[in-house]
């Protein structure tokens with residue numbers, strides 16, 4: 001698959017879904033968290049907001065390497081042929097709250113019901129700098145694109 005087609009598929013999936021699974025390493029043990037997200041148009045960055053005092057924040061501070069998976073499964077038999085999943089791998093960093101980061105408008109457009117959460121002083125903003133994407137389709141067709 002051409003890189004442009006690959007990234008188009010990634011972008012369509014990331015646009016269509018609202019929640020993904022963030023995988024971190026917490027004290028040498030895998031830890032996964034559901035997160036609401038948005039992404040940069042370039043697909044090189046994924047943004048999310050989370051309460052500051054959580055296990056995932058502690059894990060990311062100790063080890064910034066993360067994986068983030070989004071899929072379009074519907075929990076039906078046809079998922080084995082029709083479902084696609086994308087895993088973004090990269091490093092995460094906290095983003096200062098002031099001045100207000102540009103991604104907030106995009107985040108709230110996708111998640112208007114999370115405005116109170118997104119602006120709470122107890123929450124922190126994060127960016128995943130994506131190094132690679134892995135796209136799985138037809139249950140076992142695996143393709144990878146390294147962005148660096």
- Folded to 0 to 90 degrees: helix 3-16 orientation relative to the chain principal axis, Cα: 60
- Message: Could you tell me the center-to-center distance, by alpha carbons, between region 47-71 and region 90-109 in angstrom?
- Response: 14
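Rank these for me by crowding, 78, 137, going from fewest to most other beta carbons within 10 Å.
Lowest count first: 78, 137.
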- Query: Kirkwood hydrodynamic radius for region 29-99: how many Å is it when counted over pairs of different Cα atoms?
  - Reply: 14.2
- Computed over the Cα atoms of region 64-136, the Rg and Dmax in Å are 15.6, 47
- Find the relative contact order for region 54-110 and round it to a whole percent, using C-alpha pairs within less than 8 Å whose residues are 6+ positions apart. 33
- Message: Against the 2.2 N^0.38 Å scaling, with N counting residues, where does the chain land? I'd like the Cα-based Rg ratio to two decimal places.
- Response: 1.05
- Highest GNM mean-square fluctuation among 18, 106, 27, for the chain with Cα springs under 10 Å, belongs to 27
- Plugging the Kirkwood radius over Cα pairs into Stokes-Einstein for region 86-128, at a temperature of 25 °C and a viscosity of 0.890 mPa s, what D comes out in µm²/s? 213
- Query: In region 1-70, what is the volume of the convex hull around the alpha carbon atoms, normalised per residue and reported in Å³?
  - Reply: 94
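Readers should treat all values here as calculations from the given coordinates under stated rules, not as data from a laboratory. Everything numeric here is computed off the predicted structure, so don't read it as measured data. All Cβ positions, even for glycine, are placed from backbone atoms using ideal geometry, and neighbour counts span all protein chains on display.
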